[in-house]
Amino acid sequence: MDNRLAFLRTVAPFDLLPDDVLLGVVDLLQEVRHDRETLLYQQGASKVRSLDIIVEGAYDTFFYDSEQRPRLPETYGPGTCYGGMSILLNKKRSLRTVMVRKNTRVLQLPRRDFRALCQAYAPFFHYFTARYGERMQDEEFAHFVQPATLPEQNFLVADQLFSRRILTIEVRPLVTCPADAPIFEAARRMAAAKVSCLFVTDVQTQTVIGYCTDITLRDKVIARQLDAARPVGEVLAAPLVSISHEAFVYEAILLMFQTKTRYLLVEKNGEYVGFLSRNKLLSDLAQSPFMFIQAVKLAQSTRELKRRWEMVPDIVNQLLSRGVKADIVNQVITTVADAIALKVIENTLAEQGPAPARFVFMVLGSEGRQEQTLLTDQDNAIIYEDKANEQRELVREYFLRFATAVSDELNHIGLHYCTGGFMAKNPKWTHSLSHWKRNYHEWMSESNPETVMSFSTFFDCRYLYGERALMDELHEFLNQELSQPLDRFLFFMAKNALQYEPPLTSILRNIRTFTQGDQQVFDLKRAMSPIVDGVRVYALRHQVFATNTGERLSRLAALGVFSDKQVQELRQAYYYLMGMRLHKQARQLIDDRTAPTNYLDPHSLTQVEQVTLKEIFKVIADFQLKIKVGFTKSL
């Protein structure tokens, strides 16, 4: 008895319990000896019936990956205990696979008694939940913690789509032809190789400069009755779009949809090693969300676009249920919204006639960052080229009429009007390029707290349709402006990121809530805003023009602004909150048939979510401290 009591006093978290309680615990312990090496628990499968306190020997624990290779090995030696997190936070199933070493001696506290201790002594309970929260901040650890049961297979997606890299699939070899070769020779090579795309190379450098497809031959040669003896370089299509062989398959498909290309060059070590065909990839992935996106692109009517948009919550729910990461789900939502907007823009142009000037239709805010949720509205603007004085009013009148038609159609489909009025149909946000340059100059040089908060969304602008050169010119102007001293502007941008104060103690007691119906709720979007706003201000300081928060973090890390650990913590925190937000919105639309919100009742959270949120709030607080030091010079 005395030996066991003395031993328990050295074991965390039993050292937190008073002696009279420990005496009672000693009577509950059952000693078990393992004379040989044994597989004790299998991750996600074996039920844990006791908290195991190791006296002699050790438990070797790890996760098995998809190829049955041990990952994240960890040893539990004398004076440690295993099973607490599994019992409390994983439905009594072992989080990890456990091999017990030969000659290991264990004291087992039955599961029921362990839980009683947790209920009676909060510090004892919080030892396990805090450890779990800290571990879940490790992206690799979180990846291997699987739900006890997975939903049934559905029509949407095979898991490999989101974990498979391009280097694991067979890319098609490049069929090439020099630019000075006759068109008929290019067609012969395509026929001989049985390909619908041939890549055209520069005569001198032999580098790929464009491509020629069946459609190219139809539209530019046959339809125009062009002499097939002319050089193929006269009809090549551009620009080229490429992707690294290390990218994921889903990234390749999204890039194809975003750039409207049917062929993607695959790059390895600076050289093109082959290409991917969109039709081939989609046929291989016939039951995936990308076929749904293709269906959106082929929709013939507003009614069909509206019906497709109404299906998105089901897609989101199924992707999240299968463990697809929130940032990928964001991209799927954004790509569907982009496809709908592009369809509406093209239809409107067909109805109203060609635009009287070159223009860009750009998207802003969460859509600009490719971080849309199911509670999304329109954030867009138009830039058109400067015209002579006598044409200005006519040009402006056309684009305002065009923008209104586009916005009204999107609202009818379900992408609702922006309540703040940040839409191209608002005369304030449809202007010439020179006017937009003046806007940005004024926001940065004459900034104050109100203007910074109002116009921060315009620094998340992304090209959607039109003349990309206009957007490039605006970015070049911003690049020059950001080279000037902008301490006042960045100060107010940083202050904007410090508005939200995350709670750092008990989630249920101290989190700021407000009344919504009969519930006390907090705003998930507002909880995420310090990360979005803070990363944006660092991106502006370092002239990083990526708009996506995750991509901004990666580029800032490459510049040495953030450490790898900081990036991992911020990404994990941001996308965990995003996942909660998306899941809640999907369930509101599917189960409750109510409009989605960003509000969450803290009392609806599981223990796992409470603990993880507490760790996330610590990450956000640390990030805000970095912002204070870096931009406000005040602690």
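Counting the residues of region 391-442 that are small (Gly, Ala, Ser) and assigned to a helix (DSSP H, G or I) gives 4.
Which residues, counting only those in region 318-330, are in a helix (DSSP H, G or I) and either surrounded by fewer than 22 Cβ atoms within 10 Å (Cβ to Cβ) or without any contact (Cβ under 8 Å) to a residue 12 or more places away in the chain (or both)? It would help to see each step written out before you state the result.
We begin by selecting, within region 318-330, every residue in a helix (DSSP H, G or I); these are 318-321, 326-330.
Those that are in a helix (DSSP H, G or I) and either surrounded by fewer than 22 Cβ atoms within 10 Å (Cβ to Cβ) or without any contact (Cβ under 8 Å) to a residue 12 or more places away in the chain (or both): Gln318, Leu320, Ser321, Asp327, Ile328.
The residues on offer are Phe125, Phe141, Phe63, and the sole one that is without any contact (Cβ under 8 Å) to a residue 60 or more places away in the chain, buried (at least 17 other Cβ atoms within 10 Å of the Cβ) and either of a type in the set (Phe, Trp, Tyr) or in contact with a strand residue (DSSP E or B) (Cβ under 9 Å, 6 or more places away or on another chain) (or both) is Phe125. Counting only residues that are among the acidic types (Asp, Glu), in a strand (DSSP E or B) and out of contact with any Pro (no Cβ under 8 Å at 6 or more places or on another chain), region 21-63 holds 2 of them.
Just one residue in the set Arg131, Arg112, Arg105, Arg96 is of a type in the set (Lys, Arg), within 35 Å of the chain's Cα centre (by Cα) and surrounded by fewer than 22 Cβ atoms within 10 Å (Cβ to Cβ); that residue is Arg131. Evaluated against (1) more than 30 Å from Tyr398 (Cβ to Cβ); (2) touching an Asp or Glu at 6+ places or on another chain (Cβ under 7 Å); (3) basic (Lys, Arg), Arg358 falls short on exactly one condition, (1). Just one of the listed residues (Glu551, Glu569) is assigned to a helix (DSSP H, G or I), without any contact (Cβ under 8 Å) to a residue 24 or more places away in the chain and under 17 Å from Ala326 (Cα atoms), namely Glu551. Under 11 Å from Ile382 (Cα atoms), under 25 Å from the mean Cα position of the chain (by Cα) and at pLDDT 90 or above: does that describe Leu464? Yes, satisfied.
Has region 557-564 got at least one residue that is among the β-branched types (Val, Ile, Thr), out of contact with any Gly (no Cβ under 7 Å at 6 or more places or on another chain), touching a residue at least 24 places away in the same chain (Cβ under 8 Å) and not in a helix (DSSP H, G or I)?
So far as region 557-564 goes, no, none of its residues is among the β-branched types (Val, Ile, Thr), out of contact with any Gly (no Cβ under 7 Å at 6 or more places or on another chain), touching a residue at least 24 places away in the same chain (Cβ under 8 Å) and not in a helix (DSSP H, G or I).
Pairs meeting the criteria (first residue in region 342-356 and in contact (Cβ under 8 Å) with a residue 12 or more places away in the chain and surrounded by 13 or more Cβ atoms within 10 Å (Cβ to Cβ), second residue assigned to a helix (DSSP H, G or I) and aromatic (Phe, Trp, Tyr), beta carbons under 8 Å, at least 6 apart or on different chains) are Thr348/Phe402; Leu349/Phe402; Gln352/Tyr398; Gln352/Phe402; Ala355/Tyr398; Ala355/Phe399; Ala355/Phe402; Pro356/Tyr398.
The values are calculated or read from the model by the stated rules, or taken from the named source; none is laboratory data. Values in this document were obtained by computation on a predicted structure and should not be read as measured data. Note that each Cβ is placed from the backbone with ideal geometry, even for glycine, and that neighbours are counted across all protein chains shown.
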